[in-house]
Amino acid sequence: HGLCTVSAPSNMEVTKDGTVVTVKGKGDMSLVTTVKLPSIYQSGMVFQRGETVTVRGYCESTGSQISVKLGSNTLVGTTDDNGEWEVVFPAMSATTGLTLTVTQLGTEDGKAPISLNDIAIGEVFLLSGQSNMDFNVRYMEDYGELKANANNYTNLRGYLSANSYRHGEDGMGSGNWCKLTADTIGSFPATGYAMATMLAM
């Protein structure tokens, strides 16, 4: 369902939010990367085409340099006094299959980078609401037909955020990117899926 894919050495494990941590008893804590990304940055995500692409995150070390590679382009940001960093890539044309790699420089020998796969550049629409957004595709009268035809739309992706009023002060939030297939459309807002399929025709 588009969750983060992060590679890590054998003495490390990856938490759900993308943080790489040392497994107890298996290595030096100095090898632990402290870079974190908000949940919107995941494998399978979509950036808006024709607009600058911003990648931001957090790091426990102030003044650290963070290398961010998107496709063939690499930029370096520096963490501020709050440990926050940001890089802005120039606008890109529509494409799929990119990799986004985030590395805390100076730690290449021991700290695993965050690596997100199957990144796409395309059209992004924000859907927001209350009960109208709680009405999912599975409740539509023609759900069976929609499910049967869902795999005809190979480039539709969605991000479902938590149903809450706020995501917390750390800005990490929660949610998942997924490709909209016959197996996943049931949980997606009906209005959003109807709009997406109409635009994709």
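The values are calculated or read from the model by the stated rules, or taken from the named source; none is laboratory data. Computed from a predicted model, the values in this text were never measured in an experiment. Quick reminder, even Gly has a Cβ in these numbers, built from the backbone with ideal geometry, and neighbours come from all protein chains shown. Only protein heavy atoms, including side chains, enter the accessible area calculation; ligands, DNA and RNA are left aside. Shrake-Rupley method; radii C 1.70, N 1.55, O 1.52, S 1.80 Å.
Out of all the residues in segment 153-168, is one or more farther than 30 Å from residue 57 by Cβ and at pLDDT 90 or above? Taking every residue of segment 153-168 in turn, at least one turns out to be farther than 30 Å from residue 57 by Cβ and at pLDDT 90 or above. Would you mind telling me which numbered condition in (1) modelled with pLDDT under 90; (2) closer than 28 Å to residue 57 by Cα residue 200 fails? The failed condition is (2). Taken over segment 138-153, the criterion of being among the hydroxyl-bearing types (Ser, Thr, Tyr) and either closer than 27 Å to residue 52 by Cβ or assigned to a helix (DSSP H, G or I) (or both) is satisfied by 139, 143. Within segment 69-110, the residues that satisfy the criterion of being over 10 Å from residue 35 (Cβ atoms), hydrophobic (A, V, I, L, M, F, W, C) and at pLDDT 95 or above are 70, 75, 76, 87, 88, 89, 91, 92, 94, 98, 100.
To keep it simple, each residue is scored yes or no on (1) without any contact (Cβ under 8 Å) to a residue 40 or more places away in the chain; (2) open to solvent by less than 70 Å² (accessible area, probe 1.4 Å); (3) of a type in the set (Gly, Ala, Ser).
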residue	(1), (2), (3)
81	yes, no, no
84	yes, no, no
87	yes, yes, no
105	no, yes, no
121	no, yes, no
125	no, no, no
138	no, no, no
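Taking residues in segment 186-201 that are in contact (Cβ under 8 Å) with a residue 40 or more places away in the chain and under 14 Å from residue 160 (Cβ atoms), and partners anywhere that are open to solvent by less than 20 Å² (accessible area, probe 1.4 Å) and assigned to a helix (DSSP H, G or I), the pairs with Cβ atoms closer than 8 Å and at least 6 places apart or on different chains are 186/137; 187/137; 188/137; 189/137; 190/137; 193/137; 193/185. In this structure, is residue 134 under 30 Å from residue 193 (Cα atoms) and either surrounded by 12 or more Cβ atoms within 10 Å (Cβ to Cβ) or more than 18 Å from the chain's Cα centre (by Cα) (or both)? When the stated conditions are applied, residue 134 passes them.
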